[in-house]
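The structure under discussion appears below in the form of structure tokens.
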């Protein structure tokens, strides 16, 4: 292992050898202050005339909050009764345009974002965890529209990168503890991430951006703003982005194109209609999943065989004991060589997402806001299965674990201000349909035709193992009151009621390929009283303390056959037996902290405790093409942690942010599975690090700017019994640029340069994407991207 040199502010690390960075403790088992400068190149206008009083907004007392500078990585939520941090568009501009917005949020404390793709475009190899909760246990919204994250698998659910282009985001509010009761979410156990899009500009213009980078990557972005079209203030923007990048290992590309549009129509001075639309299409050759054994014996560059169909074909012959079978060099050292690589694993998706919001100040005391929305989504995840023969006679077949989904609904809120009270009541309703399926497609005999290329579409399948259909309805109501007890003391109290009912039916089942009979039926999750209480007390100028408490529930996720869901039970008998005993995940979250704001320093310290009940763990068995993901109740989890952030602004243009997060999440009981007792009690939760440290140093002088950011992530456990883990790693990124100025009709021309993974660190990024084993090793992790370079030129007009 190469030497690691660690400095106080900057981490210098060379690429470590693969045998030195993966660990297993058991043998491998298979089975009024200075205002901020306006961001250069910004074409967005000021907010529209309607102002809605938020229950967590800055209190009436005139207390000076520090305005964020463009280079700071997050803004501490001054005046909030909960821990809230904000990332603005100018902060996101430090990154390469088109980077997944969730990757940018990874700079915040308590957030662990990982991806094998440097830009986070890959549909499969990404994970987002916050204070130990995975993305499907959090709440996500865009302009108040809930982003559905209930379906099984990160690629199917985690669709923020598909919902809006990064360049069209105005800000992101992150509540690491628990979201407000008016947030429309049936999955929120441990926090909420709320995205807000920019408004169209008041004057005609737009923005163009062109990025080129390593591995023939490029991203083109164009936005056109109409400006105000008439005296009423009608305005809109339309944007198009198109990005493509070759994989850094293996062969293939990752492609994403996207259209965003937004319309703003004021009606007088008190009413406004906004409408947002997104269309996107993604085609990604994903990165192959790996295990500790593969990393130890074959290294970090193992991937799919594509485009070497012959190697995949001969491996399939070997797996089935047929003549002509052979393994690639080195694969015979593995305990399961046939599953170390498959021929290919592309994923495709397309989305339509639209919503319209009518917001009106009915009286000087009463505000009303209603949003209607709808989404249509299709997702396909392909693998070449070496154990299923094609009708052609080939020993392998292409399979698709795909899904389609449609959902629509509305939210409606009334905010009434009277005396010292701000009362908020509202409702959220959503109706959804979800249809997962498993199909097989013919592959040719070697030398008798071209292999199937599902990136360009597929013919009719020769077999459909199973197809399920879900219908679900969700209703959430809430009421809360924010009371200004004193000019420096505010209390927020309220509750929400959540009702969910899901019904599944079996559309198709072929036992020859499914291996059993999928279950069907109805399940309900109801919680009449999910309370929240929070308080903010301003001790002195710039100093404040806060505390909040909440109870939360996550409804049962929907998934395919033998996947992580109650409906995914192995048989109808098991489903019937468990439907009355399996309970939804619930938790009680306690959080308290201290904030300090001044022109030269911002500080945040938060302590939290979570009582997590009925933790449903995804226990995985089998190989990846016939994976068995079992949902098991591993009992309670006791979670304790602390987050600290300190930002220093010693001189104009210079900002240094340091944050540290510590999380202890331990299972409260053991688990018995197939007669064996697994010692989970007292073991740390999987996939999430105990300790994270993050630093960002940025400087801007006249037209020049530069930054370096560093992240440390401690070891993470792969197995629930903690007998396998991956070690911690340091990662650094660097960026610099210059605001050139104007030239002809082009305004605010800017050139920038970014380096991801500056010191070319070799590390495990995403893990648990295929679930986690109870004990030992499993092929469910991916390697992070090596050092890559990106250059961007952008301008307004």
Could you list, in sequence order, the residues of segment 214-246 that are surrounded by fewer than 18 Cβ atoms within 10 Å (Cβ to Cβ), more than 29 Å from the chain's Cα centre (by Cα) and in a strand (DSSP E or B)?
-> none
Given the conditions (1) buried (at least 20 other Cβ atoms within 10 Å of the Cβ); (2) at positive phi; (3) at pLDDT 95 or above, and given that residue 762 satisfies all but one, which numbered condition is not satisfied?
-> (2)
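Can you find a residue that is closer than 30 Å to residue 252 by Cα and at pLDDT 95 or above anywhere in segment 467-480? Steps first, please.
The first filter runs over segment 467-480 and keeps only residues closer than 30 Å to residue 252 by Cα, leaving 467.
From what is left, the residues that are at pLDDT 95 or above are 467.
Yes, because at least one residue in segment 467-480 is closer than 30 Å to residue 252 by Cα and at pLDDT 95 or above.
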Sole residue being touching a helix residue (DSSP H, G or I) at 6+ places or on another chain (Cβ under 8 Å), surrounded by 15 or more Cβ atoms within 10 Å (Cβ to Cβ) and either on the phi > 0 side of the Ramachandran plot or assigned to a loop (DSSP other than H, G, I, E, B) (or both), chosen from 342, 318 | 342
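Within segment 444-459, can you find the residues that are more than 37 Å from the chain's Cα centre (by Cα) and surrounded by 10 or more Cβ atoms within 10 Å (Cβ to Cβ)? Quick ask: steps written out before the conclusion?
First, the residues of segment 444-459 that are more than 37 Å from the chain's Cα centre (by Cα): 444-449.
Across segment 444-459, the qualifying residues are 444, 445, 446, 449.
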Condition met for residue 312 (assigned to a helix (DSSP H, G or I) and either within 20 Å of residue 251 (Cα to Cα) or in contact with a helix residue (DSSP H, G or I) (Cβ under 8 Å, 6 or more places away or on another chain) (or both)) = yes
Test residue 604 against the stated conditions and say whether it is surrounded by 17 or more Cβ atoms within 10 Å (Cβ to Cβ), assigned to a strand (DSSP E or B) and in contact with a helix residue (DSSP H, G or I) (Cβ under 9 Å, 6 or more places away or on another chain).
-> no
Test set (1) surrounded by fewer than 21 Cβ atoms within 10 Å (Cβ to Cβ); (2) in a strand (DSSP E or B) - residue 389 fails condition number | (2)
Search result, residues across segment 689-725 that are within 30 Å of residue 293 (Cβ to Cβ) and part of a loop (DSSP other than H, G, I, E, B) | 689, 690, 714, 715, 718, 719, 720, 721, 722, 723
Quick one: count up the residues across segment 735-789 that are under 23 Å from the mean Cα position of the chain (by Cα) and not in a loop (DSSP other than H, G, I, E, B).
-> 14
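Is it the case that segment 425-437 has a residue that's over 30 Å from residue 181 (Cα atoms) and either in contact with a strand residue (DSSP E or B) (Cβ under 7 Å, 6 or more places away or on another chain) or in a strand (DSSP E or B) (or both)? Working first, answer last.
Filtering segment 425-437 down to residues over 30 Å from residue 181 (Cα atoms) leaves 436-437.
If we keep only those that are either in contact with a strand residue (DSSP E or B) (Cβ under 7 Å, 6 or more places away or on another chain) or in a strand (DSSP E or B) (or both) as well, we get 436-437.
Among the residues of segment 425-437, at least one is over 30 Å from residue 181 (Cα atoms) and either in contact with a strand residue (DSSP E or B) (Cβ under 7 Å, 6 or more places away or on another chain) or in a strand (DSSP E or B) (or both), which makes the answer yes.
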Give the residue, chosen from 193, 183, 172, that is closer than 22 Å to residue 219 by Cβ and either touching a strand residue (DSSP E or B) at 6+ places or on another chain (Cβ under 7 Å) or not in a loop (DSSP other than H, G, I, E, B) (or both).
-> 172
Say we look at segment 524-559 and pick out the residues that are modelled with pLDDT of 90 or more and assigned to a loop (DSSP other than H, G, I, E, B); which of these is nearest to residue 504 (Cα to Cα)?
-> 556
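Yes or no, residue by residue, for (1) within 17 Å of residue 607 (Cβ to Cβ); (2) modelled with pLDDT of 95 or more; (3) crowded, with 20+ Cβ neighbours inside 10 Å:
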| site | (1), (2), (3) |
| --- | --- |
| 635 | no, no, no |
| 641 | yes, yes, yes |
| 649 | no, yes, yes |
| 653 | no, no, no |
| 658 | no, yes, no |
| 663 | yes, yes, yes |
| 694 | no, yes, yes |
| 697 | no, yes, no |
| 704 | no, yes, no |
Go through segment 667-685 residue by residue and tally those that are under 30 Å from the mean Cα position of the chain (by Cα), at pLDDT below 95 and assigned to a strand (DSSP E or B).
-> 2
Quickly run through segment 345-378 and pick out the residues that are in a strand (DSSP E or B) and within 19 Å of residue 397 (Cα to Cα).
-> 346, 347, 348
Determine whether segment 501-522 contains at least one residue that is within 30 Å of residue 416 (Cβ to Cβ) and surrounded by 15 or more Cβ atoms within 10 Å (Cβ to Cβ).
-> no
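Which residue out of 228, 262, 249 is within 21 Å of residue 88 (Cβ to Cβ) and at pLDDT 95 or above?
262
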Going through segment 608-625 one residue at a time, which ones are surrounded by 17 or more Cβ atoms within 10 Å (Cβ to Cβ) and outside any strand (DSSP E or B)?
-> 614, 615, 623, 624, 625
Given 331, 309, 318, which one is under 17 Å from residue 450 (Cα atoms) and at pLDDT 95 or above?
-> 309
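The values are calculated or read from the model by the stated rules, or taken from the named source; none is laboratory data. Quick caveat: nothing in here was measured; it's all calculated off a predicted structure. Every residue, glycine among them, receives a Cβ derived from its backbone with ideal geometry; neighbour counts consider all protein chains shown.
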